[in-house]
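Novice: What follows is a structure written as structure tokens; I'll ask about it next.
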Amino acid sequence: MSTARRALVTGGSGVIGSAVCRRLAAAGHHVYVHAHRGAAQAEDVVRQIVAAGGAASSVTFDVTDGEATRAALEAVLEAGPIQILINNAGLHDDAVLPGMRPEQWHRVIDVSVNGFFNATQPLLLPMIRTRWGRIVNVSSIAALIGNRGQVNYAAAKGALNSATKALALEVATRGITVNAVAPGIIGSPMTAGLFDAKAIERLVPMNRMGLPGEVAGVIAFLTTDEAAYLTAQIISVSGGMA
């Protein structure tokens, strides 16, 4: 088993986020399961982890609120540095650009881009002092190949990819790696009604949706000592879409 660390997963109450939380807890880490509106779901994930013999706590804040996020993270840091950070919080609000409302654009950008800054910046100096850290940002295939109706989401995740590469350079000599994982079409209640079998066959070379656990497995690997020489990468988990 790897050394036990303290980990924060933003958006940890969601389908991919909860799968990541369970994987990190199974590796022996204490996981902070973050939620904004899904506080009850975050508590459910914590209970599942604890019931399986792991260690977890829930934390609730809006990643787009810089002051609230900093206050919540300062409380978490009182118990010690966070050395594993998974920036998974995100949302999409789809519309073709000619019909997109300004609030649709700004909200999607706000969560993925400003949320990344708000959650990451307060944790960096404590992480740097430990000379060990793993930051994984959850991007999207939309940032790599585009998607109709998701100009806002593709822009947000594209910015996150660029931030990943730049931050990786800043902390590369400090024992900290920074990578992004770009999921493709992942099976979840949200995607269940969006893609039929013919659409999947047309879009995905592997002819199937991915599983949340398959994304979580890649993210979990990136947090290990074995991945110490892997940084500044955008890894597509998409069945060959990109």
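Novice: Of all the residues that make up region 134-144, how many are surrounded by fewer than 24 Cβ atoms within 10 Å (Cβ to Cβ) and under 18 Å from Leu73 (Cβ atoms)?
Specialist: Residues meeting the conditions: 0.
Novice: A further question follows. Which pairs turn up if I take residues in region 229-240 that are within 17 Å of Gly210 (Cα to Cα) and look for partners that are of a type in the set (Lys, Arg) with beta carbon separation below 8 Å, at least 6 apart in sequence or on another chain?
Specialist: Gly239/Arg208
Novice: How many residues does region 1-52 hold that are farther than 22 Å from Thr120 by Cβ, within 17 Å of the chain's Cα centre (by Cα) and among the basic types (Lys, Arg)?
Specialist: Going through region 1-52 one residue at a time, the tally reaches 1.
Novice: Another question, if that's okay. Could you tell me whether Ala168 is under 30 Å from Pro102 (Cα atoms), hydrophobic (A, V, I, L, M, F, W, C) and either touching a strand residue (DSSP E or B) at 6+ places or on another chain (Cβ under 6 Å) or crowded, with 20+ Cβ neighbours inside 10 Å (or both)?
Specialist: Working: under 30 Å from Pro102 (Cα atoms): no; hydrophobic (A, V, I, L, M, F, W, C): yes; either touching a strand residue (DSSP E or B) at 6+ places or on another chain (Cβ under 6 Å) or crowded, with 20+ Cβ neighbours inside 10 Å (or both): yes.
Spelling it out, it is not the case that Ala168 is under 30 Å from Pro102 (Cα atoms), hydrophobic (A, V, I, L, M, F, W, C) and either touching a strand residue (DSSP E or B) at 6+ places or on another chain (Cβ under 6 Å) or crowded, with 20+ Cβ neighbours inside 10 Å (or both).
Novice: Okay, next question. Mind checking which residues of region 55-82 are part of a loop (DSSP other than H, G, I, E, B), of a type in the set (A, V, I, L, M, F, W, C) and surrounded by fewer than 19 Cβ atoms within 10 Å (Cβ to Cβ)?
Specialist: Let us first name the residues in region 55-82 that are part of a loop (DSSP other than H, G, I, E, B), namely 61-65, 78-82.
Restricting the remaining residues to those that are of a type in the set (A, V, I, L, M, F, W, C) gives 61, 63, 79, 82.
Hit for region 55-82 is Ala79, nothing else.
Novice: In addition: Hey, among the residues in region 199-213 that are touching a helix residue (DSSP H, G or I) at 6+ places or on another chain (Cβ under 9 Å) and not hydrophobic (A, V, I, L, M, F, W, C), which one's farthest from Pro183 (Cα to Cα)?
Specialist: Selected residue: Asn207.
Novice: Quick one: Pro98 ticks every box in (1) free of Cβ contacts under 8 Å to residues at least 12 places away in the same chain; (2) under 21 Å from the mean Cα position of the chain (by Cα); (3) loosely packed, with under 14 Cβ neighbours inside 10 Å except a single one, so which number is it?
Specialist: Only one criterion is unmet by Pro98, namely (2).
Novice: All but one of (1) β-branched (Val, Ile, Thr); (2) in contact with a strand residue (DSSP E or B) (Cβ under 8 Å, 6 or more places away or on another chain); (3) more than 30 Å from Gln104 (Cβ to Cβ) hold for Ile235; which doesn't?
Specialist: It fails just one condition, (3).
Novice: Another question about this same structure. Show the residue pairs that are 6+ apart or on different chains and have beta-carbon atoms under 8 Å apart, the first residue being within region 10-26 and at pLDDT 95 or above, the second being surrounded by 24 or more Cβ atoms within 10 Å (Cβ to Cβ) and of a type in the set (Ser, Thr, Tyr).
Specialist: These pairs meet every condition: Gly12/Ser18; Gly12/Tyr32; Gly17/Thr10; Leu24/Thr223.
Novice: Residue under question is Arg134, and the condition is that it be among the charged types (D, E, K, R), outside any strand (DSSP E or B) and either touching a residue at least 40 places away in the same chain (Cβ under 8 Å) or farther than 12 Å from Leu85 by Cβ (or both); does it hold?
Specialist: Working: among the charged types (D, E, K, R): yes; outside any strand (DSSP E or B): no; either touching a residue at least 40 places away in the same chain (Cβ under 8 Å) or farther than 12 Å from Leu85 by Cβ (or both): yes.
Criteria not met by Arg134.
Novice: Could I ask something else about it? Residues that are modelled with pLDDT under 95: which helices (runs of 4 or more DSSP H) entirely in region 147-242 hold 1 or more of them?
Specialist: 197-203
Novice: Ile49: closer than 23 Å to Asn179 by Cβ, at pLDDT 95 or above and buried (at least 18 other Cβ atoms within 10 Å of the Cβ), yes or no? Full working, then the answer.
Specialist: Numbers: closer than 23 Å to Asn179 by Cβ: no; at pLDDT 95 or above: yes; buried (at least 18 other Cβ atoms within 10 Å of the Cβ): yes.
No.
Novice: Kindly check whether there is at least one residue in region 34-45 that is in contact with a Gly (Cβ under 7 Å, 6 or more places away or on another chain), in a helix (DSSP H, G or I) and buried (at least 21 other Cβ atoms within 10 Å of the Cβ).
Specialist: Checked region 34-45: at least one residue is in contact with a Gly (Cβ under 7 Å, 6 or more places away or on another chain), in a helix (DSSP H, G or I) and buried (at least 21 other Cβ atoms within 10 Å of the Cβ).
The values are calculated or read from the model by the stated rules, or taken from the named source; none is laboratory data. Nothing here was measured: the structure is a model prediction, and the numbers come from that model. Glycine gets a Cβ as well: all are built from the backbone with ideal geometry, and neighbour counts include every protein chain shown.
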